[in-house]
Ligand code: ADP
């Protein structure tokens, strides 16, 4: 018999080190993980028997057996699933599949240290066997009928693989229990763990020869017969989770397609917690047979946070995973289910707005992603997005329907403005005119928000318009701002020559200088010339350049000036009396307006200029 010795991949070593050396209250987890691996292997086997002609050991029933030895202190789990070849043993049980990025591993290590039950969510469940075992042996023979092998390790650095005769198809994991884990050789203990975590496994689990689970597909049962507890347990089972779901949608349809779906929204969003992109969490079944686990096709990508199952009798049983991708029926299913889910969320948002806001805080980012990437569901998503506004409370964002309901019927457009915070927006120049005319304006705080709104384009026939655009038309009934006709007021000719002079003075900075019809108090503000990059886009670019240590002055913008503002009025005199100084003031006004727009200026130059201006003020 040939035996080979292999080192674990460095990342795996680190993980094993944590698993072996931590103290556990949640050691039960290892049973759940091993059962779940066996169930996966059996699902794959069931699928193979449908699609492949030749299967080794085709007569053995698909099932899981658990056997215990109290004297020798061993826990043994056997499945008749697809098994593993030599190469598969080496790579599947020696490396970590998703270990592409370094941060993934750091996060993983942190998470497992804090709460080892998270191990399954990272796709490294097998290694949990070392929470209970000193030595773990895996005997496996692939469904292709090739030579069987035994994998063996004590979890410290290396493992061996040895040829082994007499194996049936499938995998047997033998865990030699640590002293502190001897209880896992006791039937009552193991039975209670199975009942708690693995009740929904869709293959028989035999404990010492006795079947301990009822194999059932919960989603095909009548809603009225399913208890809350069963639903929650099922969620924990499919999501490999420990929390409770916040929303649940269980529905069935006969036309246009036969669908049975059970979808859950989890409580936590692992993606924003820094764990990297989550895998889709909904499994696709056909007549209770798993066709595609963590299916990428059954829901759009931006619903990857959902967990659950979709079962459709209309799908051909022997469909291959590759052909799911461009299968017209799958596309139809996706559309029906997505629309149904979004409708359900809209109903929930109306019924229990507080709960919906909680959801929005955690998962809203996915709906934003959907609105920017998927035209198909824009109408539905537009109803579900939430933003704060000049008429909302802080932290109580509103929907576009709320805005529409409050809006003056004459108003043609829905306005929004982006800024880093409520405070920053409200103290800036953009909202002055809206405040004065009592027109509601949405506040967007993330750069993606403006992409969302510009992608949507309109809501119920009302255009969505950013208030920092140069082409903003004033809402009907809004007053145009006119300078008071006092003795210091600038006449038309003076205004004209001030604008001409400013255009020259700011030649290198501004795209254009315009007399504002909307500023109330502030001397000036920046607006985005038509067809140019928006301020939001510019902020995103600036951020990424800053991260790379590259200075990034924003591109040229339009400067709107307020002819009623005293500073602007005195500038008209100053440009005649002391042109150099007037030019410095003009530049400072431009830079100030840029800062209020959240855009980058050359700060060194600005500070020096600012001191020169202050110096002059101090001489007075
Ligand atoms: P995950 O199951 O989340 O992929 P694991 O660390 O639990 O991660 O397992 C790694 C891989 O080892 C699995 O993806 C699977 O390919 C293989 N494997 C584990 N247990 C079994 C089993 N009982 N039968 C067949 N293959 C298995």
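List of remarks:
- Of the residues making up the range 190-201, not a single one is exposed (fewer than 14 other Cβ atoms within 10 Å of the Cβ), part of a loop (DSSP other than H, G, I, E, B) and away from the ligand (no atom under 14 Å from the Cβ).
- Flag if residue 116 is within 15 Å of the ligand (Cβ to nearest atom) and at pLDDT below 90: yes
- Filter pass, residue 367 being surrounded by 15 or more Cβ atoms within 10 Å (Cβ to Cβ), in contact with a strand residue (DSSP E or B) (Cβ under 7 Å, 6 or more places away or on another chain) and modelled with pLDDT of 95 or more: no
- Those residues of the range 310-336 which are in contact (Cβ under 8 Å) with a residue 12 or more places away in the chain, in a helix (DSSP H, G or I) and over 25 Å from the mean Cα position of the chain (by Cα), in sequence order: 329
- Flag if residue 283 is assigned to a strand (DSSP E or B) and touching a residue at least 12 places away in the same chain (Cβ under 8 Å): yes
- Any chance residue 429 is crowded, with 22+ Cβ neighbours inside 10 Å and either modelled with pLDDT of 90 or more or over 19 Å from residue 519 (Cβ atoms) (or both): yes
- Inclusion of residue 608 among residues that are in contact with a helix residue (DSSP H, G or I) (Cβ under 7 Å, 6 or more places away or on another chain) and in a helix (DSSP H, G or I) is not warranted.
- Scanning the range 73-97 for residues that are without any contact (Cβ under 8 Å) to a residue 40 or more places away in the chain and under 23 Å from residue 132 (Cα atoms) gives 91, 92, 97.
- Among the residues of the range 156-167, those identified as assigned to a loop (DSSP other than H, G, I, E, B) and either more than 13 Å from the ligand (Cβ to nearest atom) or closer than 16 Å to residue 3 by Cα (or both) are 156, 157, 165, 166.
- In this structure, residue 453 does not satisfy being in a strand (DSSP E or B), touching a strand residue (DSSP E or B) at 6+ places or on another chain (Cβ under 9 Å) and farther than 27 Å from residue 589 by Cα.
- Scanning the range 131-153 for residues that are buried (at least 19 other Cβ atoms within 10 Å of the Cβ) and either in a loop (DSSP other than H, G, I, E, B) or within 11 Å of the ligand (Cβ to nearest atom) (or both) yields 138, 139, 140, 141, 142, 143, 151.
- Residue among 379, 396, 361 that alone is more than 30 Å from residue 596 (Cβ to Cβ), surrounded by fewer than 21 Cβ atoms within 10 Å (Cβ to Cβ), free of Cβ contacts under 8 Å to residues at least 40 places away in the same chain and out of contact with any strand residue (DSSP E or B) (no Cβ under 6 Å at 6 or more places or on another chain): 379
- Set 435, 386: member being buried (at least 20 other Cβ atoms within 10 Å of the Cβ) and in contact with a helix residue (DSSP H, G or I) (Cβ under 9 Å, 6 or more places away or on another chain): 386
- The set of residues in the range 231-244 that are over 16 Å from residue 35 (Cα atoms) and at pLDDT 90 or above comprises 231, 232, 235, 244.
- Of the strands (runs of 3 or more DSSP E) that lie entirely inside the range 1-84, those containing 3 or more residues that are closer than 26 Å to residue 112 by Cα span 74-79.
- Annotation note: of 226, 291, the sole residue that is in contact (Cβ under 8 Å) with a residue 12 or more places away in the chain and either buried (at least 19 other Cβ atoms within 10 Å of the Cβ) or not assigned by TED's automatic domain parsing to the domain that holds residue 344 (or both) is 291.
The values are calculated or read from the model by the stated rules, or taken from the named source; none is laboratory data. Not measured: the values here are computed from a predicted model. Here the Cβ is made from the backbone with ideal geometry for all residues, glycine too, and neighbour counts use every protein chain on show.
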